1. Before anything else, pin down the relative contact order of region 42-100: Cα pairs under 8 Å, at least 6 apart, normalised by residue count, whole percent.
2. Over region 16-85, average the accessible area per residue using a 1.4 Å probe and give it in Å², no decimals.
3. Ignoring everything but the protein chains, give the 1.4 Å probe accessible area of TYR93 in square angstrom, nearest 10.
4. Short version: ³J(HN,Hα) in whole Hz for each residue of region 39-50, in order, from phi by Karplus 6.51 cos²θ - 1.76 cosθ + 1.60 (θ = phi - 60°), x for Gly and Pro, what are they?
5. Around VAL124, which amide H atoms from residues at least 5 apart in sequence, or from another chain, sit under 5 Å from its own amide H, with H modelled in the peptide plane?
6. How much of the accessible area of region 19-69, in percent, comes from carbon and sulfur atoms when a 1.4 Å probe is used?
7. Within region 100-121, what residues put their amide N at less than 17 Å from the label point 7 Å along the Cα-to-Cβ vector of LYS71?
8. At 7 Å along the Cα-to-beta-carbon direction for both THR87 and THR52, put a label point, then send me their distance in nm to one decimal.
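The values are calculated or read from the model by the stated rules, or taken from the named source; none is laboratory data. Fair warning: this is a prediction, and the values are worked out from it, not measured in the lab. Every residue, glycine among them, receives a Cβ derived from its backbone with ideal geometry; neighbour counts consider all protein chains shown. To get the accessible areas, we keep the full protein, side chains included, count just its heavy atoms, and leave off ligands, DNA and RNA. Shrake-Rupley method; radii C 1.70, N 1.55, O 1.52, S 1.80 Å.
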Amino acid sequence: MKHLILLVLLTLSTTLCHAQSPLNQRILFEPDSVTIRESQFAQLQLIAEYATHHPSSTIIVAGFVSSLTPKAHQGDIAQQRADAVRTTLITQYHLPSDNVISIGVGESTRYEQPEFNEFVSFFVK
């Protein structure tokens, strides 16, 4: 069910205008890594600020991998990335755990260059 909800959100997000908002942020990862790079914490701060100003919203953290990740590990790495970002939002930015959901989506083909498909993105419910 969670994957169906996410697919609907992904479809909607591609059809909506590309207005800048904190939820348009992506947390980038190195291939096969689930470690959040120091350079990505500014984006996490924007997400946390948004969530703090919208306390009734639920943030959906969606993890993706590229075709560079072996098929057998894509689901695990995508989920671990989403979980790492969720945990950081809860522990370092003090968001309520009930307001942050993590979902490992799997392989992304959004960008032509595979290394750009190593990310976590955000949606609001």
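1. 42
2. On a per-residue basis, region 16-85 sits at 53 Å².
3. 50
4. In residue order, the calculated couplings are 5, 9, 5, 5, 5, 5, 4, 4, 5, 4, 5, 4 Hz.
5. Here ILE60 satisfy the definition.
6. Roughly 53 percent of what the probe reaches on region 19-69 is carbon or sulfur.
7. Taking a point 7 Å out along Cα→Cβ of LYS71, the residues of region 100-121 whose backbone N falls under 17 Å are 106-109.
8. Label at THR87, label at THR52, 2.3 nm between them.
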